[in-house]
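Below is one structure, written out as structure tokens, with a few remarks after it.
Read the figures in this text as sums done on the coordinates, not as results from a lab. Quick caveat, the model's predicted, so the values are computed rather than measured. In this analysis, Cβ positions are derived from the backbone assuming ideal geometry, glycine residues included, and neighbour counts consider all displayed protein chains.
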Amino acid sequence: MGASTAHHLSNGPGRTLVLERFYENHPFGSSHGRTRILRTAYAEGVAYVPLVLRARRLWMRLGREAGEEIFRATGVLLAAPSGSKSLASAQSSARRYRLRHELLDPERAQERFPAFRFARDDAAFWDPGGGVLFPERAIRAYRRLAHARGVRFRWDSPVVRWRPLSGGRIVVSTATREYLAHSLVLSAGAWLPTLVVALRLPLEVEQQTVYWFRARDRTRGSYRTMPAFVWYGPQGGYHYGTPDVGDGVKIGGNEGQRVRNLARRPPPSSRELRSVQRFLTDRLPGLSSEPRRQVRCLYTNTTDKNFIVDFHPDHPNIVVVSACSGHGFKFASVMGELIAQGVRTGRLAPVLASFCLPKTR
């Protein structure tokens with residue numbers, strides 16, 4: 001969100017400074033891992049659909065401006081046992097916004113997508129408007145374009161505190177310097193609670209591990225042209241994946257580990273790997289069961305798994321942005337646009353009304 005916001009702020013008046021806790025291209029947040037899924041028929045609720053449609057247009061525009069592929073239209077396959085609430089919600093979103101989609105029985109799904117193994121009681125939903133994003137490329141493009149328009153970046157510069165001054169200005173402090181600002185956007189991911197302690201945000205940080213697997217049976221079709229997918233289980237769990245873009249097929253799930261100390265993150269869980277391996281045996285039997293690589297990622301979750309994008313209740317020139325609950329990267333393009341608009345106008349767009357700060361004080 002931060003890089004996108006800086007990019008969109010660079011298109012308007014004023015000067016922008018970005019203070020980054022870590023070094024450039026670091027892997028300690030929620031915006032890495034080679035690929036991310038963009039779904040248009042959003043199962044998490046219809047309120048997200050206008051945002052994701054605008055986000056997709058902005059990702060495609062970024063690709064044109066940067067001269068490289070940021071979004072690839074692979075389509076997205078959603079699958080689940082028949083009667084799944086997630087598939088019903090995706091269908092409701094598609095119908096309300098008249099998005100192209102198909103409902104497939106297991107026989108048709110098996111014929112269309114031979115890499116997967118469908119059971120007789122499965123149902124499938126095809127979202128042809130979805131695809132995969134390349135997050136590292138996107139972030140580098142945002143930084144490069146913003147820098148060309150005058151945005152300054154300071155690496156290894158964690159913010160330790162901020163304080164308001166009379167007249168509305170803000171002093172932002174790192175360990176070595178202080179900066180004076182007229183507006184402040186706090187987009188610190190898992191570290192956000194340390195910057196807004198008084199708000200007592202009910203956030204939980206979770207570590208997820210994703211894995212890459214090579215094909216061992218290529219008779220089931222090409223894993224480079226397969227769609228991105230989300231496969232919902234009967235007990236509320238799910239697994240997801242993206243096609244092979246060079247390192248193998250990327251697979252993850254939602255059985256993460258809670259992180260209580262960000263300075264001492266736990267090693268990848270064997271339970272996570274076993275869950276993914278069982279999924280491969282059942283649903284993607286043509287892939288090797290041993291991962292060729294793995295990467296950890298942080299989710300910053302709210303209680304209801306929605307986002308937080310709101311003005312600080314005591315300081316109308318400070319925007320609090322975080323807690324994307326593991327499904328936020330696809331929205332970074334549009335969120336940056338809307339946050340930049342909010343900084344300039346002092347008002348956030350009505351489409352963000354669902355993402356207010358919780359009333360905990």
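Evaluated against (1) closer than 24 Å to Gly130 by Cα; (2) touching a residue at least 60 places away in the same chain (Cβ under 8 Å); (3) not in a loop (DSSP other than H, G, I, E, B), Ile251 falls short on exactly one condition, (2). For the criterion of being touching a helix residue (DSSP H, G or I) at 6+ places or on another chain (Cβ under 9 Å) and without any contact (Cβ under 8 Å) to a residue 60 or more places away in the chain, Val160 passes. Restricting Phe279, Phe331 to those that are among the aromatic types (Phe, Trp, Tyr), under 30 Å from Gly14 (Cα atoms) and either in contact (Cβ under 8 Å) with a residue 24 or more places away in the chain or part of a strand (DSSP E or B) (or both) reduces the list to Phe331.
Within segment 254-264, track down each residue that is within 30 Å of Ala215 (Cα to Cα) and either more than 19 Å from the chain's Cα centre (by Cα) or part of a strand (DSSP E or B) (or both). Hit for segment 254-264 is Gln257, nothing else.
Criterion applied to Arg265, Arg214, Arg177 was being surrounded by fewer than 17 Cβ atoms within 10 Å (Cβ to Cβ) and under 30 Å from Ala123 (Cβ atoms), and the one residue passing it is Arg214. As a summary of the residue check, Thr281 satisfies the conditions (1) more than 22 Å from Trp191 (Cα to Cα); (2) of a type in the set (Val, Ile, Thr); (3) surrounded by 13 or more Cβ atoms within 10 Å (Cβ to Cβ) except for the one numbered (3). With a requirement of 3 or more residues that are more than 21 Å from Ser333 (Cα to Cα) and either in contact with a helix residue (DSSP H, G or I) (Cβ under 7 Å, 6 or more places away or on another chain) or of a type in the set (A, V, I, L, M, F, W, C) (or both), the strands (runs of 3 or more DSSP E) lying completely within segment 56-135 that satisfy it span 76-81, 122-127.
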